[in-house]
Amino acid sequence: MSTALMHTGTHEKKPVLTKKKLLPYWLLAPGIVWLFIFFLVPIYQLISTSTQTQGYGIGTYVQTYRFANFIDAITSSRAQLFRSFEYAFLATSFALIISYPLAYAVAFKSGRWKNTLLVLIVAPFFCSFLLRTVAWEQILGEQGVVIKTLRFLHIMGAQGHLTATPFAVVAGLTYNFLPFMTLPLYASLERIDIRMMEASGDLYANAFTTFRRVTVPLSMPGVVAGTLLTFIPAAGDYINAELLGNPGTKMIGNVIEARYLAIVDYPGAAALSLILMVTIMILVMAYVKRAGTEELV
Amino acid sequence: MVDASSSAHGDLILKNLTKSFGEFIAVDDLDLVIPEGSFFALLGPSGCGKTTTLRMVAGLEEPTSGTIFIGKSEITYEKPYKRPVNTVFQNYALFPHLSIYENIAFGLRRRGVKNVDDQVQKALDLVELTHLASRKPNQLSGGQQQRIALARAIVNRPALLLLDEPLGALDLKLRRAMQIELKWIQTEVGITFVHVTHDQEEAMTMADTIAVMNEGKIEQMGSPADLYDNPRTSFVANFLGQSNLIKGSILDASGNSAVVDIFGTKIGLPVDRNHAHDSSVLVGIRPEKIRIAPVGTQMNGNILEGGVISDASYIGVSTQYQVEMPWGQELMVFEQNDDGTPPLSKGDPVILSWSPIFTFGLAGDQDVNAGSEAHPEIE
Amino acid sequence: MKQASRWFSRNLIRIYAFLGFAYLFLPIIYTIAFSFNNSTKSNLVWVGFTWNNWLNPCGAPDVCNALGNSLKIGVLATFFATLLGTMMAFAMGRYAFKGRSVVNILIFLPMATPEIVMGASLLTMFISFGFNPGFWTIVIAHVMFCISFVVVTVKARIASLDPRLEQAAMDLYADERETFRRVTFPLVAPGIAAAALLAFSLSFDDFIITNFNSGSVNTFPKFVYISAQRGLPPQANVIGSSMFLIALVIVLLGQFVGRKRAGVR
């Protein structure tokens with residue numbers, strides 16, 4: 001017989017809850033500290049650096065609160081900045097067009113192959129991002145099969161090429177971030193009760209109307225999540241522009257990378273990074289507000 | 001280690017038990033004694049506080065005030081794993097990653113029992129599912145899962161077994177079969193069962209004692225027959241089965257049978273079945289206790305004249321009538337189809353009668369419809 | 001003719017899906033095929049079939065050094081990110097506490113920030129504090145951007161857990177520790193495993209943040225990026241292909257084990 005059960009009075013008060021109340025904070029603490037030191041502090045450093053100016057000697061900078069750095073940055077890289085958002089927008093649109101039917105097919109038409117197909121959608125992820133980009137470079141490149149076929153068929157002249165074009169950069173971006181689009185789309189489509197579509201058919205909607213009035217609105221959370229997950233990394237990417245583009249297809253990421261690692265213009269690079277980050281935040285917030293979905297995570 | 005089998009025994013005693021969630025008082029100053037070895041049902045509509053009461057007994061919810069005892073030991077703030085109490089959860093809560101055998105052995109192993117095999121086998125035998133020991137829970141049907149949940153709790157020989165809407169997820173036929181089986185198992189093992197349900201039929205079939213709960217309080221407690229035949233509040237009268245409640249006033253209560261005036265007619269009401277505190281009374285009579293006959297038929301007992309049938313539905317074993325009375329109220333009458341006379345039809349003028357001993361009287365200041373809307377099939 | 005067009009319209013979505021998958025897998029197939037190419041230098045043109053690259057994956061200079069670094073960084077970053085992220089996920093998924101929305105934003109922000117901004121800002125900080133970028137700065141950076149993904153993945157698993165299972169364990173004489181060990185953890189484990197796998201693949205595949213914070217330390221993606229300028233050795237294809245196949249096997253095994261555990265036959 002456990003003595004703990006033998007309390008007969010009310011002397012045992014309610015358990016003190018302080019220990020329990022602090023537990024979530026203990027669990028959160030290490031992760032928060034990590035994110036604070038290695039995410040928030042660096043962002044603060046970035047903000048602080050963005051208004052510094054060249055000191056004595058290369059790579060040394062002093063804080064002068066020179067906000068004109070931002071104007072300089074925009075003036076000198078306006079073309080790349082706009083191009084980044086243009087390419088990211090195009091890549092996101094293409095990814096949506098390609099992914100939606102794919103996710104729809106896996107969610108509703110795949111039967112017992114569903115899980116296998118889902119693995120196949122994620123599988124390209126497992127091969128290195130850079131290797132895949134290099135592979136595209138070679139498939140579409142001067143020595144590749146595609147261009148030789150096109151030239152042989154006289155669809156393309158001897159001067160025509162596929163790599164080192166805006167088309168190749170957008171195609172690369174589209175390809176590389178496709179799983180980010182497909183997975184959230186699949187997740188939200190898969191949750192739709194198929195009876196709702198049947199009910200719509202029962203209520204005199206044809207297949208297209210059902211799709212437009214029922215399926216698409218119900219999959220909106222997936223569309224929002226997928227477009228964000230594609231647009232954000234695409235806007236900041238520079239690998240596709242580097243490997244698949246030409247000097248005329250440089251994106252803002254290329255400029256930031258060059259200023260940081262080659263030219264060593266930290267304030268200029270920091271200012272550009274902040275401009276990119278803030279622009280993305282504003283676009284995302286406006287977009288999320290319009291789409292009317294608050295739950296992002 | 002807790003040794004549930006030999007620990008506290010005795011009645012479950014709740015004293016002034018209260019639980020509030022912010023402004024909402026779920027359980028309101030509850031006093032209750034559940035005798036050891038009984039099959040006890042807490043019956044009430046959803047939100048009446050019955051599940052909260054159960055969870056406080058199980059230790060899954062902490063009371064705002066009040067105490068809980070099993071026999072002489074207080075368990076009010078004891079951790080759930082230190083109580084000699086086990087629960088059959090709604091939807092069973094079987095561990096999906098463990099086999100049926102390991103599910104049943106779980107409690108024994110936690111209590112440090114060395115050789116669990118014997119007891120697990122016995123528990124499996126009791127619910128007749130020995131052949132499923134190595135399966136996983138989601139390979140079992142709803143009825144089988146229900147029995148495993150029961151075996152998993154009973155194997156620990158607790159002082160008290162709590163059942164939270166245990167049959168809610170089963171279909172009607174299976175539910176009937178399980179009601180009989182549960183009752184049998186309870187007699188077999190002799191553990192106190194506390195059963196929470198919103199289904200009055202389920203409670204009446206199984207329980208020795210039923211407590212009807214409403215808005216955090218117990219309306220009435222007693223045997224199923226007692227509650228049905230002699231309800232004390234309009235809520236109980238309407239929640240357990242159906243009742244006709246007619247406003248009246250007591251003219252004379254000096255004899256064994258009080259004389260009550262209802263809209264000009266005098267009827268008899270046994271004094272010991274009258275629960276009104278003054279002359280204002282709700283006269284109650286169950287629909288199946290009323291006889292119905294065409295006008296002019298000779299009848300005795302309490303008689304109400306001037307009714308007209310407003311609706312008649314034939315449902316096989318009986319015919320259910322709605323009779324509109326001269327004062328505008330509709331009374332329900334259920335008549336067994338056992339005497340070969342053709343059913344009456346809509347528009348027929350009728351005369352109603354019943355034996356005075358079935359009449360019950362409730363306090364006249366209550367809501368006539370209390371409890372009658374509270375019959376949701378799904379909670 | 002009419003029948004053919006009806007077949008076409010009925011199977012349109014399937015044809016489309018097939019083309020979609022072909023598009024997804026074309027570069028993978030290309031990568032695997034060219035890992036067998038008997039080329040000595042650039043590996044741009046098909047020369048002939050050989051097993052040599054697979055028998056000698058470290059044949060190209062520095063490729064295995066880079067791979068080793070990537071694996072070490074991947075394991076370390078996965079361990080710490082999974083640990084910290086899982087703890088956070090339990091706090092978020094199991095407890096009510098003040099400041100929840102602030103924590104939510106902090107977790108969400110790294111996922112909404114372009115990699116180049118995170119890479120650049122971390123480098124700025126390391127430089128201003130006089131840190132030399134190298135192996136450990138890469139690990140630190142990888143843990144940072146993996147945490148959020150771990151939290152989201154594990155939290156989803158915890159949210160799908162029926163709280164009654166833990167209550168049932170407590171009811172069956174398991175104290176808080178035993179309940180966690182016997183019920184909560186085994187049921188959340190698949191989510192943690194998935195999160196770890198995700199963290200490892202994010203870390204192993206990362207180039208942008210790594211490139212900013214690696215100094216002279218080489219990683220596999222960095223190796224590919226640098227070699228791509230003058231022609232990738234086929235050994236890189238061998239390593240990429242093996243990583244792809246290993247990950248595929250792990251995921252398929254995970255699915256199989258998951259099904260067995262759930263008892264689906």
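All of the numbers you see were taken from the coordinates with simple rules; none came from a lab. A quick note: this is a predicted structure, and the numbers were derived from the prediction, not measured. No Cβ is skipped: glycine too gets one built from the backbone with ideal geometry, and neighbour counts run over all protein chains shown.
Compactness of the range B:242-360 was expressed as the Cα radius of gyration divided by 2.2 N^0.38 Å, which yields 1.06. Would you calculate the separation in nanometres between label points at residue B:138 and residue C:216, each defined as 7 Å from the Cα along the Cα-to-beta-carbon direction? About 5.4 nm separates the two model spin labels. Report, in whole Å, the centroid distance computed from the Cα atoms of the range A:150-202 and the range C:142-186. Here the answer is 37 Å between Cα centres. Take each residue in B:91-98, count the other chain C-beta atoms within 10 Å of its C-beta, and the mean is 6.
Hey, with R₀ at 30 Å, roughly what FRET efficiency would residue B:29 and residue C:185 work out to, going by the Cβ-Cβ distance, to 0.05? About 0.15, to the nearest 0.05.
Placing +1 on each Lys and Arg Cβ and -1 on each Asp and Glu Cβ, with no other charges, gives chain A a dipole about its Cα centre of roughly 640 debye. Each 5 Å bin from zero up to the one holding the largest Cα-Cα distance in the range A:167-297 carries the following percent of pairs: 2, 10, 14, 14, 15, 14, 10, 7, 5, 4, 2, 1, 1, 0. Per residue of A:250-261, other chain Cβ atoms within 10 Å of the residue Cβ number 3 on average. Projecting label points 7 angstrom from Cα along Cα→Cβ for residue C:161 and residue B:172 puts them 4.0 nm apart. If R0 equals 51 Å, the separation of the Cβ atoms of residue B:79 and residue C:11 corresponds to a calculated FRET efficiency of about 0.25. In this entry, chain A is assigned a mean projected area of 29.4 nm², taken as a quarter of its C-alpha convex hull surface. Which FRET efficiency value, to the nearest 0.05, is calculated for residue A:152 and residue A:110 with the Förster distance at 45 angstrom and r the Cβ-Cβ distance? So, using R0 = 45 Å, E works out to roughly 0.75.
Pair-distance distribution of the range A:26-66: all C-alpha pairs, bin width 10 Å, starting at 0; shares per bin in whole percent are 28, 33, 23, 14, 3. A straight line joining the Cα centroids of the range C:214-254 and the range A:83-101 runs 26 Å. When the convex hull of its Cα atoms is viewed from all sides, the protein assembly as shown shows a mean projected area of 54.7 nm². Enclosing the Cα atoms of the range A:46-137 in their convex hull gives a volume equal to 184 cubic angstrom per residue. With 0.36 nm allotted per residue and the present C-alpha distance subtracted, the residue B:118-residue B:67 stretch has 14.7 nm of extension available. Shielding value for C:13-20 is 5, the average number of Cβ atoms from other chains within 10 Å of each residue's Cβ. With K and R counted +1 and D and E -1, the other residues having a Cβ less than 14 Å from that of residue A:137 yield a net charge of 0.
Does a label point 7 Å from the Cα of residue A:64, set along Cα-to-beta-carbon, have any residues of the range A:228-269 with amide nitrogen under 13 Å, and which are they? In the range A:228-269, the label zone of residue A:64 (backbone N under 13 Å from the point 7 Å along Cα→Cβ) covers A:267-268.
Diffusion of the range C:68-232 by Stokes-Einstein, at 37 °C in a medium of 0.692 mPa s and with Rh set to the Kirkwood radius over alpha-carbon pairs, works out to 189 µm²/s.
Within the protein assembly as shown, DSSP assigns beta bridges of which about 75% are antiparallel (rounded to the nearest 5). Of the Cα atoms belonging to the range B:155-268, the radius of gyration and Dmax stand at 18.7, 62 Å. When only alpha carbons of the range A:235-287 are considered, Rg and Dmax amount to 12.1, 35 Å.
Cysteine residues of the protein assembly as shown whose Cβ has no partner cysteine Cβ closer than 4.7 Å: A:127, B:48, C:146. Each peptide in A:41-52, C:195-206 gets a packing score, the mean of other Cβ atoms within 10 Å over its residues, and the list from highest to lowest is C:195-206, A:41-52. When A:290, A:212 are arranged by Cβ crowding within 10 Å, least crowded first, meaning fewest neighbours, the order is A:290, A:212. Hydrodynamic radius of the range A:89-194 by the Kirkwood approach over all distinct alpha-carbon pairs: 15.5 Å. Evaluated over the Cα positions of chain B, the convex hull gives a direction-averaged projected area, one quarter of its surface, of 22.1 nm². Three principal axis extents describe the C-alpha atoms of the range C:124-171; from largest down they are 56, 18, 17 Å.
Note on the range B:1-129: semi-axes of the ellipsoid equivalent to its C-alpha gyration tensor, largest first and rounded to whole Å, are 29, 17, 14. Simple spin-label estimate for residue C:25 and residue C:131 gives 4.2 nm between the two label positions (7 Å along the Cα-to-Cβ direction from each Cα). Each Lys or Arg adds one and each Asp or Glu takes one away; over the other residues whose Cβ falls under 15 Å from the Cβ of residue C:22, this sums to +2. Computed on the range B:1-147, with alpha-carbon pairs under 8 angstrom and 6+ residues apart, the relative contact order is 22 percent.
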